[in-house]
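*Asks:* Got a structure for you, questions after.
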Amino acid sequence: MKVLDASFVKKFIQMCNDGWEQGWHERNGGNLSYRIKNEEIDEVKEQLDLSGEWKEIGTTVLKLAGEYFLVTGSGKFFRNVILDPEDSICIIKIDETGSKYKICWGLVNGGRPTSELPSHLMNHEVKKELTGGKHRVIYHAHTTNVIALTFVLPLKDEVFTRELWEMATECPVVFPDGIGVIGWMVPGGRDIAVATSEMMKKYDVVIWAHHGIFGSGEDFDTTFGLVHTVEKSAEIYVKVMSMAPKKLQTIKPDEFRNLAADFHVALPERFLYEK
Ligand code: 2HA
Ligand code: ZN
């Protein structure tokens, strides 16, 4: 099968375009990666070129040794993924030491995988282990309202989780474990990858102050939906604060507890503090 005909590739391209249409991917902003299933790799195997050279990832992800990923290219624009996928995205394979990758398909005009490859792969490694292999998608987007909130709210997991839960009733059901927040760091390297993957041990959503968001999930729809829900909630927060700096009424801790019981989710008590 042609790589572009594979359903996981079609879904990947669709998600890039959905993010572009939301306005989260100015210029080359944001990146997406997908840990490809064995049966999906088998479908496209004759299209892969395994003769390329091994290159350093910049970190070690031993638990991902031998895995294949579909990833966006460094410096590539999400806007162009749907127009010219073979120029914009690539399939990479991780070597047996977990420290090198090679490009097996795509990036036909040259280039390399996303500058955030260390963060993507370290997050994948954590989530693969913690979810028994279920999580396969890591998504980084420059979500406007989430970024805006990192200038006015304390950069604390408890504050972001609680405020965003309050903004839409579905939020505690969609991200019951909460949200992690990391203060500003230089992007693109191992340090921010280590900090983010530590947070991914507790959460499926991690915010990078003054930069954007990382989401992890089982498939393209749920991962995009997760980031979309958080960003929409942040948009409501921005609107509320713009109308009145103090809320007149909101969802109370006991109401969250009732919601948790009816919707069968566990909401950690540390987010249900009295204000
Ligand atoms: O430009 O979003 O974090 C790609 C990025 C880097
Ligand atoms: Zn970014």
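The values are calculated or read from the model by the stated rules, or taken from the named source; none is laboratory data. In this text the structure is predicted, and so the values were computed from the model without any measurement. Quick reminder, even Gly has a Cβ in these numbers, built from the backbone with ideal geometry, and neighbours come from all protein chains shown. Just the protein is used for accessible areas: all its heavy atoms, side chains included, with ligands, DNA and RNA removed. Shrake-Rupley method; radii C 1.70, N 1.55, O 1.52, S 1.80 Å.
*Asks:* How big is the gap, in Å, between the Cα center of region 15-44 and the Cα center of region 91-112?
*Replies:* 16 Å
*Asks:* Here is a follow-up. Listed highest first by mean packing, meaning other Cβ atoms within 10 Å per residue, what order do 244-251, 96-103 come in?
*Replies:* 96-103, 244-251
*Asks:* Using Cα-Cα distances under 8 Å and only pairs 6 or more residues apart, what relative contact order does region 147-215 have, in percent?
*Replies:* 35 percent
*Asks:* Based on the mean of other Cβ atoms within 10 Å per residue, sort peptides 229-242, 111-124 so the most packed one is first.
*Replies:* 111-124, 229-242
*Asks:* While we're looking at this one, here's another question. If you roll a 1.4 Å probe over the heavy atoms of the protein chains, what accessible area per residue do you get for the chain, in Å²?
*Replies:* That works out to 45 Å² per residue.
*Asks:* Starting with the highest mean, order 141-148, 155-162 by the number of other Cβ atoms within 10 Å, averaged over the residues of each peptide.
*Replies:* By packing density, highest mean first, the sequence is 141-148, 155-162.
*Asks:* Also, quick follow-up: When the label point is put 7 Å from the Cα of T97 along its Cα-to-beta-carbon vector, which residues of region 52-91 have a backbone N closer than 20 Å?
*Replies:* Once the point is set 7 Å along Cα→Cβ of T97, 52-69 turn out to lie under 20 Å by backbone N, inside region 52-91.
*Asks:* Right, here's the next one. Return the FRET efficiency for the residue pair E158, Q47: r is the Cβ-Cβ distance, R0 is 45 Å, and the value is rounded to the nearest 0.05. Can you show the working numbers first?
*Replies:* Numbers: r = 48 Å, r/R0 = 1.06.
After rounding to 0.05, the efficiency reads 0.40.
*Asks:* Between R27 and Q249, what FRET efficiency follows from the Cβ-Cβ distance if R0 is 30 Å, with the result rounded to 0.05?
*Replies:* Details: r = 40 Å, r/R0 = 1.35.
For R0 = 30 Å, the calculated efficiency reads 0.15.
*Asks:* Measuring from label point to label point, each 7 Å out along Cα→Cβ, what is the V108 to D262 span in nm?
*Replies:* 5.3 nm
*Asks:* Quickly estimate the mean residue ellipticity at 222 nm for the chain, helices only: each DSSP H run with n ≥ 4 gives -39500 (n - 2.57), and the total goes over all residues, rounded to 500.
*Replies:* Working: 11 runs with 110 residues, N = 275.
The helix contribution divided over the chain gives -11500 deg cm²/dmol.
*Asks:* Defining a contact as two alpha carbons under 8 Å apart and six or more residues distant in sequence, what relative contact order in percent does the chain show?
*Replies:* 18 percent
*Asks:* Take T144 and V194, extend 7 Å from each Cα along the Cα→Cβ direction, and tell me the distance between the two endpoints in nm.
*Replies:* It works out to 3.6 nm between the two label points.
*Asks:* Let me ask you something else. Leaving ligands, DNA and RNA out of it, work out the accessible area of L50 with a 1.4 Å probe and give it in Å² to the nearest 10.
*Replies:* Near enough 80 Å² of accessible area.
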